[in-house]
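Student: Starting off with a structure, shown below.
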Amino acid sequence: MENTLKSYIPEAAIAQIRELLDHDDLSIKIKPERKTRHGDYRRLLNGKHEITINSNLNTYRFLITLIHEVAHFEAYKTFGKGIKPHGKAWKHTFQKLMLPFLNPDIFPMDLLPLLANHFKNPKASSDTDVKLAFALKQFDPPNDKTYVFQIPMGTTFKLYNGKVFKKGNKRVKRIECIEIRTGKLYLFNPNVEVEVLND
């Protein structure tokens with residue numbers, strides 16, 4: 001397991017991750033990119049536990065996602081199956097597991113204040129934290145995608161699934177976008193990656 005993960009996480013985190021994953025009933029699988037999630041955790045029918053993580057994540061996002069999913073496993077073991085997936089028990093477990101990793105040997109200095117702020121009350125996805133998600137994206141390989149919050153109002157753009165939208169007004173936390181084909185209004189997380197179309 002350790003050798004599989006070595007190329008996906010910061011080198012300084014490997015020893016701590018080895019301790020965290022020292023369970024006979026937990027397996028980690030690396031998956032091709034899934035657009036709707038970075039990773040997931042599930043309890044298998046045989047009583048064992050499995051974590052899957054997308055292979056395309058940069059090392060910092062991969063590490064955060066791995067610990068996010070390990071927190072599901074640890075919270076299940078500690079509090080039982082009746083807990084809410086991203087409720088208080090999981091949040092507390094995630095904070096506790098993540099704290100030792102929040103240091104400049106593992107994360108770049110400019111990410112640490114954003115991570116510290118995020119982990120005061122971690123959400124179901126780091127993507128909902130606009131500042132953190134944008135900062136993490138800077139470590140991705142270059143691509144032709146940009147975040148919807150970065151483009152001007154009225155811009156036409158395409159999603160990964162081929163649907164085309166026009167950007168509208170910003171609400172408190174989300175952005176109104178009209179699907180061109182149907183005229184339906186959708187509310188977008190500011191951190192949705194889009195491909196800008198030239199009109």
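The values are calculated or read from the model by the stated rules, or taken from the named source; none is laboratory data. What you see is a predicted model; the values in this text were computed from it and never measured. Methodologically, a virtual Cβ is constructed for each residue, glycine included, from the backbone with ideal geometry; neighbour enumeration extends over all protein chains shown.
Student: From the list Y76, Y41, Y60, exactly one residue is at pLDDT 90 or above and under 23 Å from P142 (Cβ atoms). Which is it?
Tutor: Sole residue among the options that is at pLDDT 90 or above and under 23 Å from P142 (Cβ atoms): Y60.
Student: Ok, one more. Taking the condition of being among the polar types (S, T, N, Q) and either crowded, with 17+ Cβ neighbours inside 10 Å or closer than 17 Å to D127 by Cβ (or both), how many residues in the stretch 162-199 meet it?
Tutor: The total comes to 2.
Each row is one residue, and each column tells you yes or no for (1) among the acidic types (D, E); (2) at pLDDT 95 or above.
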residue: E2; (1), (2): yes, no
residue: E11; (1), (2): yes, no
residue: L26; (1), (2): no, no
residue: R37; (1), (2): no, no
residue: S55; (1), (2): no, no
residue: A71; (1), (2): no, yes
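Student: Within the stretch 140-148, is even one residue farther than 28 Å from F62 by Cα and surrounded by fewer than 16 Cβ atoms within 10 Å (Cβ to Cβ)?
Tutor: Checked against the condition, which is being farther than 28 Å from F62 by Cα and surrounded by fewer than 16 Cβ atoms within 10 Å (Cβ to Cβ), the stretch 140-148 yields no hits at all.
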